[in-house]
Amino acid sequence: MSELTLLLIRLAFLAVLWFFVIAAVGVIRTDLFGPRTATAPKAAKAAKPHKPVAKPRKGEPRQMVVTGGPLQGTIITLSETPITIGRANDATLVLSDDYASSRHARLFPQDGQWIVEDLGSTNGTYLDRSKVTRPTPVPLGVPIRIGKTVIELRK
Amino acid sequence: MAVTTSGSAVPMPAKRRGAQLAMLAFAVAIVMGAYASVGLAVDGRIPAGMLTYGLGLGGLVLAAYLVLAKFAPWADPLILPLVTLVNGIGLVMIYRIETGGSKLASASTQLLWTGVGIVMFSVTLIVLRDHRALQRMTYTAGFAGLLLLISPLIPGLGQTLNGARIWISLGFANLQPSEFAKLALVVFFAGYLVAKRDVLALAGRRLLFIDLPRARDLGPVLITWAVSLGVLVLQRDLGSSLLLFGTFIAMLYIATQRTSWVLIGILLFVGGAMLAGLLFDHVAARFEVYLNPEDPELFYKFGGSAQLMEGLFAMGTGGVLGTGLGQGHPQLIPLSFSDFIFAATGEELGLTGLMALLLVYALIVERGLRTSLAARDPFSKLLAGGLSFILAWQVFIIVGGVTNLIPLTGLVTPFMSQGGSALLANWILIALLVRMSDSARRPPPQAIQDEGMTQVFQR
């Protein structure tokens with residue numbers, strides 16, 4: 001075997017090794033650029049232009065709007081992930097409200113519905129007028145009150 | 001009605017089975033190319049073993065792929081190809097070291113163990129249909145882990161090889177039970193932390209800028225610390241000790257998101273290691289080698305820095321592009337087929353090849369952490385996070401040791417080093433990750449009808 005052939009083999013092998021790594025990254029680029037739909041159904045295509053992330057299912061809330069309190073006007077787009085509300089820094093909606101606990105309440109999707117759950121807060125979470133004592137489904141447009149903050153789910 | 005019609009519009013994660021098969025074929029092709037390259041460089045012709053090893057590995061991973069497609073169809077498409085590549089490169093390096101004249105290296109044994117590993121991978125996937133069954137065995141797993149960990153100390157069963165008492169003899173083969181203990185212990189940590197995370201995360205007081213836990217909640221940390229120091233002192237196994245304690249601290253951090261646990265863990269481990277360094281010769285010797293590997297006196301001493309320095313020389317010889325497969329001198333490094341396979345690979349593939357390999361490891365870990373993020377229950381999150389971390393941590397400890405970034409501890413490079421126990425345990429670990437990624441990526445069951453109190457779900 002001549003030196004030159006061996007050198008070429010060596011460089012080619014390294015190039016192929018790196019090509020493998022790049023191909024592997026290509027397979028998981030969905031992690032970086034959002035989910036890919038399997039064999040794109042037409043309905044998803046039609047629904048895509050205005051809301052790429054939210055599930056375009058009928059009658060399902062798409063955003064959470066703060067309608068009262070210091071954060072009034074804040075809008076959080078709902079996705080699959082649960083939303084935590086409280087004074088803790090890592091909460092999805094961070095409140096600066098003396099009447100709220102650090103981990104006050106949690107909203108999570110289940111079977112197409114959003115459920116509110118009180119996380120053992122001091123002053124309680126209210127859905128409309130009633131205190132939330134166990135995980136309760138949240139209808140559209142019904143106010144949830146946490147301390148001075150009022151939020152509701154909208155389409 | 002509304003659900004069934006609009007159900008098809010919900011974005012579904014793709015299975016990506018085609019991509020998986022293509023990547024698998026690619027990985028096997030790279031491994032066969034590597035064999036051919038070794039043969040061309042050593043004898044000037046394509047080795048006769050290339051087809052045996054290549055097709056053997058190809059057949060094995062094809063079987064693994066079929067089992068995965070049947071029993072975990074939604075599993076992550078990348079984990080299996082990536083592991084195949086690392087395992088294959090390890091096989092090639094062992095083959096290369098064997099042709100270089102090492103008596104202890106044996107590529108055919110390693111291929112056999114790879115086969116057994118893939119069988120264990122398949123058996124795990126077939127038997128364990130729902131990994132949450134493991135949560136019910138939390139304390140059983142913890143007990144089994146401890147038992148496995150101390151089993152080499154039992155007289156008559158345990159064996160001392162190369163100064164570490166970490167082997168048990170089963171008559172036909174020697175087994176390294178700590179490799180399996182680490183799996184059982186990660187399962188135990190995950191189950192235990194799910195049950196206790198609240199008190200560990202919330203109770204305590206704030207001092208300056210960190211939240212300190214209460215003194216009585218320090219129990220589990222202190223127990224794990226004591227166990228890992230026991231491993232260090234009684235079995236002279238620095239690697240497992242660091243691996244075990246580091247994993248516990250990382251999982252504690254994942255469970256509680258509390259930085260103070262990490263600080264407490266680091267302080268405890270550094271304190272314990274320094275104490276052990278003062279009290280025990282074998283630990284002190286490692287520190288000495290770490291600090292002055294170039295010292296000629298240490299270099300020529302038995303058990304001194306010769307191995308480490310030969311590894312560093314090898315990587316230095318390799319440089320950026322390497323000497324090429326089959327053209328280095330791996331026989332100069334003691335134990336180049338097991339602990340120092342990374343240095344031997346570094347000589348032949350160079351920095352470029354090592355970086356690619358490290359990236360492949362990083363991608364495996366990334367897929368594991370991604371599974372952990374996507375998992376739906378806290379036990380799966382912790383288990384997937386813990387298993388990925390232990391893999392990453394193990395690579396860090398051995399690569400850091402070989403490159404003299406941290407004191408060298410005897411640990412195997414996952415999937416590359418020669419050794420049956422580690423290969424088996426790591427294939428089971430990968431099977432667990434695949435099982436969890438399957439359940440994390442599987443779309444939730446869709447309701448068939450939408451009315452009334454009773455709902456029928458399609459699985």
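The values are calculated or read from the model by the stated rules, or taken from the named source; none is laboratory data. Because the structure is a prediction, the values reported are computed rather than measured. Positions of Cβ are generated from backbone atoms using ideal geometry, with glycine treated the same way; all protein chains shown enter the neighbour counts. Surface areas here come from the heavy atoms of the whole protein model, side chains and all, with no ligands, DNA or RNA. Shrake-Rupley method; radii C 1.70, N 1.55, O 1.52, S 1.80 Å.
What tally of residues in segment B:338-381 results from selecting those that are among the acidic types (Asp, Glu) and either crowded, with 23+ Cβ neighbours inside 10 Å or under 18 Å from B:Gln110 (Cβ atoms) (or both)? Show your work before the answer.
Within segment B:338-381, the first condition is being among the acidic types (Asp, Glu), and the residues that meet it are B:339, B:347-348, B:366, B:377.
Narrowing further to those that are either crowded, with 23+ Cβ neighbours inside 10 Å or under 18 Å from B:Gln110 (Cβ atoms) (or both): B:339, B:347-348.
Here the count works out to 3.
Scan B:Glu310, B:Glu297 and give me the residue that is more than 14 Å from chain A (Cβ to nearest Cβ), within 30 Å of A:Glu3 (Cβ to Cβ) and not polar (S, T, N, Q). Steps first, please.
On the way: B:Glu297 fails: within 30 Å of A:Glu3 (Cβ to Cβ).
When all the criteria are applied, what remains is B:Glu310.
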Checklist line | Subset of segment A:123-144 (residues that are under 15 Å from A:Met64 (Cβ atoms) and without any contact (Cβ under 8 Å) to a residue 24 or more places away in the chain) | finding: A:Thr125, A:Leu127, A:Pro139, A:Gly141, A:Val142
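Identify all residues within segment B:321-350 that are more than 23 Å from B:Thr409 (Cβ to Cβ), among the hydrophobic types (A, V, I, L, M, F, W, C) and more than 10 Å from every other protein chain (Cβ to nearest Cβ); write none if there are none.
Filtering segment B:321-350 down to residues more than 23 Å from B:Thr409 (Cβ to Cβ) leaves B:321-329, B:331, B:348-350.
Next, only the ones that are among the hydrophobic types (A, V, I, L, M, F, W, C) stay: B:321, B:325, B:349.
Residues satisfying the conditions do not exist here.
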Margin query: Out of A:Ala44, A:Ala24, I need the residue that is over 15 Å from the mean Cα position of the chain (by Cα), in a helix (DSSP H, G or I), modelled with pLDDT under 80 and within 7 Å of another protein chain (Cβ to nearest Cβ). Which one?
Written below: A:Ala44
Next item on the list: Determine which member of the set A:Gly120, A:Gly147 is surrounded by 14 or more Cβ atoms within 10 Å (Cβ to Cβ) and either farther than 16 Å from A:Gly69 by Cβ or not polar (S, T, N, Q) (or both).
Entry: A:Gly147
Next item on the list: Select, from A:Pro137, A:Pro82, the only residue that is under 23 Å from B:Gln257 (Cβ atoms), open to solvent by 20 Å² or more (accessible area, probe 1.4 Å) and either within 14 Å of another protein chain (Cβ to nearest Cβ) or touching a Cys at 6+ places or on another chain (Cβ under 6 Å) (or both).
Entry: A:Pro82
Next item on the list: Of the numbered conditions (1) open to solvent by 30 Å² or more (accessible area, probe 1.4 Å); (2) in contact with a Leu (Cβ under 9 Å, 6 or more places away or on another chain); (3) more than 14 Å from chain A (Cβ to nearest Cβ); (4) modelled with pLDDT of 90 or more, B:Val61 fails exactly one; give the number of that condition.
Entry: (1)
Checklist line | Hits in segment B:311-321 - residues which are crowded, with 22+ Cβ neighbours inside 10 Å and not aliphatic (A, V, I, L, M) | finding: B:Gly311, B:Gly318
Next item on the list: Considering only residues that are surrounded by fewer than 19 Cβ atoms within 10 Å (Cβ to Cβ) and in a helix (DSSP H, G or I), look in segment B:37-53 and name the one that is farthest from the other protein chains (Cβ to nearest Cβ).
Entry: B:Thr52
Next item on the list: Please identify the pairs in which a residue from segment B:65-83 that is within 17 Å of B:Gly115 (Cα to Cα) and within 13 Å of chain A (Cβ to nearest Cβ) has its Cβ atom under 7 Å from the Cβ atom of a residue that is open to solvent by less than 10 Å² (accessible area, probe 1.4 Å) and aromatic (Phe, Trp, Tyr), counting only partners at least 6 apart or on another chain.
Entry: B:Val83/B:Phe415
Item checked: Cβ pairs under 6 Å, 6+ apart, first in segment B:354-367 and facing chain A (nearest Cβ under 9 Å), second open to solvent by 10 Å² or more (accessible area, probe 1.4 Å) and in a helix (DSSP H, G or I) -> B:Ala356/A:Trp18
Check: In segment A:87-108, which residue that is open to solvent by less than 50 Å² (accessible area, probe 1.4 Å) and in contact (Cβ under 8 Å) with a residue 40 or more places away in the chain is farthest from B:Ser372 (Cα to Cα)?
Finding: A:Asp97
